[in-house]
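No lab work stands behind these numbers, since they all come straight from the coordinates. A quick note: this is a predicted structure, and the numbers were derived from the prediction, not measured. Because the Cβ atoms are built from the backbone with ideal geometry, glycine has one as well, and the counts that use them run over all protein chains shown.
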Amino acid sequence: MIFQLLINGISLGAVYALIAVGFAVVFSVLKFSNFAHGGMISACAYMGFFFQRAYVPAPPIFVTILVTGVFGMFLALFLDLVAYRNIRKHKSPGIYYFLSSLTISIIIEQVLNIRFSKNPYAYPNIFESTFFMVGDLRVSTMDTMIMAVSLLILVALVLLIHKTKMGLAIRAVAINADTSRLMGINSGVVVVMIFLIAGFLAGVSGVMLGAKYSVYPDLGQTMMVKGFIASVIGGLGSLGGAIVAAIMLGVLEMFWTYFFGAFSAPVMLFVIMLLFLIIRPQGISGKFAKEKV
Amino acid sequence: MSNYQLGLIINSCISVITVTGVFAVTGLAGMFSLGQAGYLAISSYVTFILARTFGLPILVTAFIGVGLSALSAYVISVPTLKLRKDYFALITMGFGQMVTAMIVLLEKYTNGSIGYSKIPKVKSLFIIVIVITVLVVFCIRNLKYSRFGRMCIALKSDEIAAKSFGIDVYKLKLRMYVLASAIAGGAGILYGLKNRVILPDSFGWNLSAEMQIFLFFGGTNSITGAVLSGFFLKLMPELFRTVKLFGQSLQEYRTIIYCVLILLVINFRPNGMMGEHELSFAWVRSVFAKKKEHMKKGTSR
């Protein structure tokens, strides 16, 4: 039983990690918490659902994930144009980013609410059998798939950030935008790149969350808070920390839900975050983004 | 006026109270709180449950309710205010979610998601609400022009500079946040008295976000703007109740309209509708002063 919970927890944590990394990427460069991520996840979950339903027989889930990822990219670019571009141009204080991303998130949720109502939609069955046996352990196929895809994407992302030239530019802009512009880095392109990455991650996590649970308008919102908590515990803006924290959080939530029930889980997560902020405010990674003059 | 119209005005006044509270936190001290609805929930649930179980008058339990929401604000803010502003927004948001989860969990006392409806009726609620609204707005206006308020504005524009001028930033933020939570608590009690039923859903994340939207629409630097937008934006969807769009009442689109408005404001008028302007009666005084001068000149000739 414990082993099974562990697997479920890691798979849940891997999805949280996708969300947390989506945050962390935007935060590290633009220095604001992108609340719109939750709305994007919801929108992408619906998109994936309708794509999956539109064709008979249903396309393989990997195609859906890819298509939705691309849709997420376009959505993120569009949101950047509508909500953030002018703020960047005016160099308004960070509080406006907050408000703007918050507004976008609410808009998406409400539009979905009105268009598709609050009823949850369930993805059609993706796999022939919902579990397979390893020895005498029942392992859920869905959870394994989610775990594999998330870990694959996370590895690809870490490689992108640490091995390519674009990744170097992103890291440079994350440290100091003005200086890196002086060094000849086109920070506009970097910002676009950031939103592409975040959008892709939102798309992928949207499809997987939708397939694991079901699709409803506040899906993204609920999951976003958990991804957010993970990125705080990991240290805002740090990718490695966010991944580790998210997987820990997923495992912890699985165990808590099994032993104490699902209703008290949000309270537990909140208390953990509060404790973490008291004891170690810089997060697991230890990189503390201090506000400078 | 009919009961319906009175009800609308009471709703708008409650919205004004909450937005004024948020003005104290966000407009003056520059903290972004997303959990104000949680304080509304705490104080209204505590007040009405205590009043019911112990048979105390509401006036007594209201103090306990408001005090408790101020206390929980204190507990939340002590560890978090030393950190970045982002953490603060986040923690308050998590706090709001935790409060609604707690209400559902403590089903035995709060009646869970069905809603708590054992709320006594209060006579002449309209006058009480109006008086409290005026009082709160007046106090916050005075606060803005006091030494305390000027310290807050310094803190908002540059925290480090404010620190170097000897302002105890941490203590100031703590006080403002506790004050705003107490105001939110008061609004929560009025909300309960008006609607006679309180649900965990009505104190959700959307309410907190709505307050921030109202505030930014009016302009974070102007209490006049905050009050006006709090009043009229709350009233607006009710006025257009009969208008239909795509076969649904415009009220369904309420939140979307708010959001589009705020996006337009952020993109094209970042300081909000009122900017830095305040409604004041200084011009009346100046007009009279000119007249007096005129009369003096007239007599001297």
**Asked** How about segment A:29-116: which helices (runs of 4 or more DSSP H) wholly inside it have at least 3 residues that are more than 8 Å from chain B (Cβ to nearest Cβ) and touching a strand residue (DSSP E or B) at 6+ places or on another chain (Cβ under 7 Å)?
**Response** A:36-54
**Request:** Among the helices (runs of 4 or more DSSP H) lying completely within segment A:194-293, list those that include at least 3 residues that are within 14 Å of chain B (Cβ to nearest Cβ) and among the β-branched types (Val, Ile, Thr).
**Result:** A:219-234, A:265-279
**Request:** Go through segment A:203-222 and give me each residue that's crowded, with 24+ Cβ neighbours inside 10 Å and over 20 Å from A:Val67 (Cβ atoms).
**Result:** A:Pro217
**Prompt:** Hey, among B:Thr100, B:Thr92, B:Thr26, B:Thr20, which residue is closer than 18 Å to B:Met211 by Cα, crowded, with 21+ Cβ neighbours inside 10 Å and in contact with a Pro (Cβ under 7 Å, 6 or more places away or on another chain)?
**Reply:** B:Thr100
**Request:** Any residue in segment A:40-59 that's farther than 17 Å from A:Val204 by Cβ: show its pairings with residues that are in a helix (DSSP H, G or I) and not β-branched (Val, Ile, Thr) at Cβ separation under 7 Å, as long as the two are six or more apart or on different chains.
**Result:** A:Ala58/A:Gln52
**Request:** Report the residue count in segment B:103-115 for those that are more than 7 Å from every other protein chain (Cβ to nearest Cβ) and either surrounded by 24 or more Cβ atoms within 10 Å (Cβ to Cβ) or not β-branched (Val, Ile, Thr) (or both).
**Result:** 9
**Request:** Go through the residues of segment B:69-76 one by one and say whether even a single one is within 13 Å of chain A (Cβ to nearest Cβ), among the polar types (S, T, N, Q) and under 23 Å from the mean Cα position of the chain (by Cα).
**Result:** yes
**Request:** Could you tell me which residue of segment B:116-171 is farthest from the other protein chains (Cβ to nearest Cβ), considering only residues that are surrounded by fewer than 14 Cβ atoms within 10 Å (Cβ to Cβ) and charged (D, E, K, R)?
**Result:** B:Lys123
**Asked** Does at least one position in segment A:82-98 carry a residue that is on the phi > 0 side of the Ramachandran plot, out of contact with any Ser or Thr (no Cβ under 9 Å at 6 or more places or on another chain) and surrounded by fewer than 24 Cβ atoms within 10 Å (Cβ to Cβ)?
**Response** yes
**Message:** Taking the criterion of being in contact (Cβ under 8 Å) with a residue 40 or more places away in the chain, surrounded by fewer than 16 Cβ atoms within 10 Å (Cβ to Cβ) and either in contact with a strand residue (DSSP E or B) (Cβ under 6 Å, 6 or more places away or on another chain) or small (Gly, Ala, Ser) (or both), would at least one residue in segment A:138-152 satisfy it?
**Reply:** yes
